[in-house]
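Below is one structure, written out as structure tokens; the observations come after it.
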Amino acid sequence: MSHVFPRNSKAPPPMVSRGAGPYLFDAAGKSYLNCGDAAVSCLGHGDAHVTAAIKAQLDEVAFAHTGYFTSAPAEQLADRLVAAAPEGLDRVYFVSGGSEAMEAALKLARQYFIEVGQPERSHVIARRQSYHGNTLGALATGGNAARRAPFDPLLMKVSHVSPCYAYRGQAEGETETQYVDRLIGELEDEVQAVGPDKVMAFVAEPVVGATLGAVPAVGDYFAKVRALCDRHGILLIFDEVMCGMGRTGTLFACEQHGVSPDICAIAKGLGAGYQPIGAMLCSAHIHDTIRDGSGFFQHGHTYLGHPVACAAALAVVERLLDDDVLGRVTPLGDSLHQALTDRFGQHPHVGDIRGVGLFRAIELVQSRETKDPFDPSAKVHARLKAAALEEGLICYPMGGTVDGTRGDHVLLAPPFILKESDVELLADRLDAAVRRVLS
């Protein structure tokens, strides 16, 4: 009997034994093409450069508390990230994962307004069908209704507006420009309802990940969001925990919109699974305001800037940029999109095929014509996850796509080291799983 507390006590997982490239193997020797571990394993398993960096750092020093020391890996990684980051981002605060990065972002935004003499600014506006993490502040900010519901009495009040989700949100006969302007109008209305002098931040994923399934914004949506935030003195926080670190074809997803946030959270692909790490980046202005004021960010965790984690992440960034593994993402993403289109483009239960780079998804529907979702009681996403595992594919099916309760999609986030043959194998195994569940 296991004494590990699993995610699902009614469905214990198999034992993983090893990893190699894009594959994981269980204790029985079965292989699984790993394309769904929450967009973490961007370099696959067994990368020699990252492994060597971890071992070398362990030979130097494994841990030093940031209340007393900084470390060379942390300083070097911060330099690399700032050099590659969107304009204005100048400081890096290292944490142990995405939820911690978002929690730090929210607390930094709040402290910033205290430091500048605007303590009345404490309200956050985010978007429905978003996901920003599982700590209480991050969970409150997210718009995933099912994950929020059990903990609602514990959550701070956050406003949620519509996501930029053209497949379901754009009305028939509405142009892309009209749709974007309607969304910006909704956001402006919410700012006015709360009071412009009370809003501290607007939070969004540049490409919505787990809850909606690889949904990119359309048109100049984020440019207009940036302008609205500037107009009202609101901080713009981008959550790139899942969509960042090259997943969409650029190191930061927001690069593709030509928009810089005031604060940005990253994780997952930053450590590529080799070590737990995340980071919160902020502008020089925010950092300098605190430096020249109280001088102390009132936040912290024990494993901030962990030297081994930073050494691993630095090696990951070197692989992405110096070895141009990042350059594989767009062409492989195009191949994956074509393979998905070939298999599912006319499938009666696939309503949308979407995404950017190696961040792709299919949305499953009862009817392509009406876009009606399956009844939640059918548990299509859960059955598909099980069927995919049987076929030797790790993917990321989710329910509640439409409104937190109804709707199903399958998110795909494969390693950047895939071969073309792996792309075809991915599509074949997903096709087989879908047929098992929906035929």
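The values are calculated or read from the model by the stated rules, or taken from the named source; none is laboratory data. Here the structure is a predicted model, which means the values were calculated and not measured. Virtual Cβ from ideal backbone geometry, glycine too; neighbours counted across all protein chains shown. Just so you know, the surface numbers come from the protein's heavy atoms only, side chains and all, with ligands and any DNA or RNA stripped out. Shrake-Rupley method; radii C 1.70, N 1.55, O 1.52, S 1.80 Å.
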*State yes or no: is residue 332 open to solvent by less than 30 Å² (accessible area, probe 1.4 Å) and more than 21 Å from residue 63 (Cα to Cα)?*
yes
*asked:* I need the full set of residues from segment 90-107 which are open to solvent by less than 50 Å² (accessible area, probe 1.4 Å) and either of a type in the set (D, E, K, R) or over 24 Å from residue 38 (Cβ atoms) (or both), in order please.
replied: 100, 103
*asked:* Taking the conditions exactly as written (at pLDDT below 95, open to solvent by less than 50 Å² (accessible area, probe 1.4 Å) and not β-branched (Val, Ile, Thr)), does residue 36 satisfy them or not?
replied: yes
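In segment 28-64, how many residues are under 24 Å from residue 428 (Cα atoms) and part of a loop (DSSP other than H, G, I, E, B)?
Result for segment 28-64: 13.
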*asked:* Against the condition aromatic (Phe, Trp, Tyr) and under 20 Å from residue 226 (Cα atoms), how does residue 151 come out, does it pass?
replied: no
_Residue that is most open to solvent (accessible area, probe 1.4 Å) [pool: residues in segment 1-27 that are assigned to a strand (DSSP E or B) and free of Cβ contacts under 8 Å to residues at least 40 places away in the same chain]_ = 18
*Do the conditions hold for residue 270, that is, is it aliphatic (A, V, I, L, M) and buried (at least 21 other Cβ atoms within 10 Å of the Cβ)?*
yes
*Taking segment 122-173 only, how many residues are among the charged types (D, E, K, R) and surrounded by fewer than 14 Cβ atoms within 10 Å (Cβ to Cβ)?*
3
*Any chance residue 84 is more than 28 Å from residue 205 (Cβ to Cβ), at pLDDT 95 or above, open to solvent by less than 60 Å² (accessible area, probe 1.4 Å) and not aromatic (Phe, Trp, Tyr)*: no
_Those residues of segment 336-390 which are open to solvent by 30 Å² or more (accessible area, probe 1.4 Å), touching a helix residue (DSSP H, G or I) at 6+ places or on another chain (Cβ under 6 Å) and touching a residue at least 24 places away in the same chain (Cβ under 8 Å), in sequence order_ = 343, 349, 352, 383
*Residue match in segment 233-247 (condition: closer than 24 Å to residue 414 by Cβ and out of contact with any strand residue (DSSP E or B) (no Cβ under 9 Å at 6 or more places or on another chain))*: yes
_In segment 16-28, residue nearest to residue 390 (Cα to Cα) [restricted to those that are of a type outside the set (Asp, Glu) and over 26 Å from the mean Cα position of the chain (by Cα)]_ = 28
*Examine segment 417-433 for a residue that is under 30 Å from residue 128 (Cα atoms), in contact with an Asp or Glu (Cβ under 6 Å, 6 or more places away or on another chain) and in contact (Cβ under 8 Å) with a residue 60 or more places away in the chain, and state whether such a residue exists.*
no
